[in-house]
Amino acid sequence: MSTSSEPTTTTATTVSRHERAVVLPANLHARPAGQLARAAATFTSAIQLEHGDRTVNPTGVLAVMGLGATLGSTVTVRAEGPDAEQAVETLAQILAAAE
């Protein structure tokens, strides 16, 4: 009995995970929520915003506003995927500049 084995090729996938906390300079209302949703939709990574006990996907304006984040509260941006670092940095900048 002979057995043959063919070479197996395994592609290693590196998953990038990043996180950053931002203290809000203003309430998270419609304008910054819209900016976050538009920016989040441009990335392929899975992105989450967390505030208190709530976690949302930031691609929806109502979801972002539903966090209830207000002036001085901390929002954590997390992303996992190929462009996670850029996604976290971009969304953190939008949060930090909220008016």
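Which residues, taken from the range 76-99, are over 18 Å from A30 (Cβ atoms) and either free of Cβ contacts under 8 Å to residues at least 40 places away in the same chain or under 8 Å from the mean Cα position of the chain (by Cα) (or both)?
V77, R78, A79, E80, A84, A87, V88, Q93
Do we find that A84 is of a type in the set (G, A, S) and touching a strand residue (DSSP E or B) at 6+ places or on another chain (Cβ under 6 Å) in this structure? Even if it seems obvious, please write down each step before you answer.
Details: of a type in the set (G, A, S): yes; touching a strand residue (DSSP E or B) at 6+ places or on another chain (Cβ under 6 Å): yes.
So A84 passes the test.
Bear in mind these aren't lab numbers, they're just calculated from the coordinates by the rules spelled out. Quick caveat, the model's predicted, so the values are computed rather than measured. FYI the Cβ positions are ideal-geometry reconstructions off the backbone, even for glycines, and counts take in every protein chain you see.
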